[in-house]
Amino acid sequence: MTLSKRKLGSQGLEVSSIGLGCMPMSQSYGPADEKASIATLHRAIEIGCNFFDTAQGYGPLTNEELLGRAFKGRRDQVIIGTKFGFRFKDGKQVGTETASRPEYIREAVESSLLRLQTDYIDLLYQHRVDPKVPMEDVAGTVGDLVKEGKVRFFGLSEAGIANIRRAHAVHPVSALQSEYSLWERNLEPEIIPVLRELGIGLVPFCPLGRGFLTGAASRAEEYPEGDTRHIDPRYQGENYDANVQAAKAVFEIATAKNIPSGQVALAWLLQKGDFIVPIPGTKRQKYLEENVAAAAVQLDPAEMKVLDDALVPEKVSGQRYPDWVMATIDR
């Protein structure tokens, strides 16, 4: 199994065509299992998946520490993306309070470097746009960190058009990380055209619709408190029923091809543009290997159209986050 490479942005960042989202390794989707997670991280390297996504906020803080332990002695084989931009106190995140002043960015980077046991971060994202700090100050600070060798490339997460342009004018943005999948198409009307125009890569998180597109989803109430699906509006009540109906097209194509439905969802994303690198999250080797195998799946134009039409935004029921989380997204 060999993964091809893709370029994110125009500054020279090249990564495997499918990455690994590491957030599920730190209790967002069920209890953590360090032994299984480290085995999965090592297996990813073996099969050519070299792009790993973490953040200060995952755990919080413990996900970066996990990667630091897992990649000891293997740092030259991996490309690590991490994020700053929330406030933490006593090891806990302070609600959704953003923090992106230049001095905080520097402090956050130094802390991430320690947890990751490295002297540089490959891709540093602002996790959420901070309305209190001009984007020019954020981009300028990251640009200085690039000059100092502590950061290699600059990214944004869930940023809107105006802030993408403002950041890119100060220091080149290599990647935008945002939710994008068959069942979350909010980037298509405006954001994706701007990314193409500016030569910025797209790193979709939740490319499998938080597991919904794998066909293994249960109703929200069946997940324990602490599991993000427990509060996901699309997993609740009538929304769940409508979304199961909309996703049938994915399952039908998967059945016809005799492959897991998640591979259909990932193949659709990969065929939307060579600047797109999805980061499906898992802590299990089985699902990692399944996801990486999606790179070999080809969908013909008719299949792409069926999927496009089946999961247009009007057919997907419920917003993608509760209101308090939606309020943090820069649109």
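Any read-out appearing in this document is the output of simple, stated calculations on the displayed coordinates, not a laboratory observation. For clarity, every value in this text was computed on a predicted model and none was experimentally measured. Virtual Cβ from ideal backbone geometry, glycine too; neighbours counted across all protein chains shown.
Are there GluC sites (Glu not before Pro) in the stretch 225-331 that DSSP puts in a loop and that have at most 15 other Cβ atoms within 10 Å, and which ones? Listed in order of number, the matching sites are GLU225. Among HIS168, HIS230, the ranking by other beta carbons within 10 Å of each residue's beta carbon, starting with the fewest, stands as HIS230, HIS168.
Rounded to the nearest 20, the size of the Cβ-charge dipole of the stretch 197-331 about its Cα centre is 260 debye, with Lys and Arg at +1 and Asp and Glu at -1.
Among the GluC sites (Glu not before Pro) in the stretch 85-161, those placed in a DSSP loop whose Cβ has at most 13 other Cβ atoms within 10 Å are GLU148. The charge dipole of the chain, taken about its Cα centre with unit charges on the Cβ atoms of Lys, Arg (+1), Asp and Glu (-1) only, comes to about 580 debye. Label the stretch 136-276 by shape, choosing from rounded, prolate and oblate, from the square roots a ≥ b ≥ c of the eigenvalues of the Cα gyration tensor; if a/c is under 1.5 it is rounded, and otherwise prolate applies when a/b is larger than b/c, oblate when it is not. Verdict is prolate for the stretch 136-276.
Across the stretch 65-131, Cα pairs under 8 Å and at least six residues apart give a relative contact order of 46 percent. Available extension along the chain between GLU110 and HIS42 is 22.0 nm, counting 0.36 nm per residue and deducting the alpha carbon span. Taking a straight Cα-Cα cut-off under 17 Å and skipping sequence neighbours fewer than 8 places away in the same chain, the aspartates and glutamates within cross-link reach of LYS132 are GLU97, GLU103, GLU158, ASP330.
By the count of other C-beta atoms within 10 Å, a proxy for reagent exposure, THR255, THR282 are ordered fewest to most as THR255, THR282. Normalised by 2.2 N^0.38 Å, where N is the number of residues, the C-alpha radius of gyration of the stretch 249-292 stands at 1.19. For ASP308 and LYS7, the FRET efficiency from 1/(1 + (r/R0)^6), where r spans their Cβ atoms and R0 equals 30 Å, is about 0.75. Normalised by the number of residues in the stretch 260-331, the average gap of Cα pairs under 8 Å and 6 or more apart makes the relative contact order 33 percent. Checking the cross-link pairs LYS272/LYS315; LYS7/LYS257; LYS7/LYS283 against a 23 Å limit on the alpha carbon distance flags LYS7/LYS257; LYS7/LYS283 as lying beyond it. Ranking of ARG152, ARG128 by neighbouring Cβ atoms within 10 Å, starting from the fewest: ARG152, ARG128.
Checked against a 21 Å cut-off, the cross-linked pairs LYS35/LYS286; LYS92/LYS150; LYS72/LYS150; LYS35/LYS83; LYS35/LYS89; LYS92/LYS286 give Cα-Cα distances beyond that limit for LYS92/LYS150; LYS35/LYS83; LYS35/LYS89; LYS92/LYS286.
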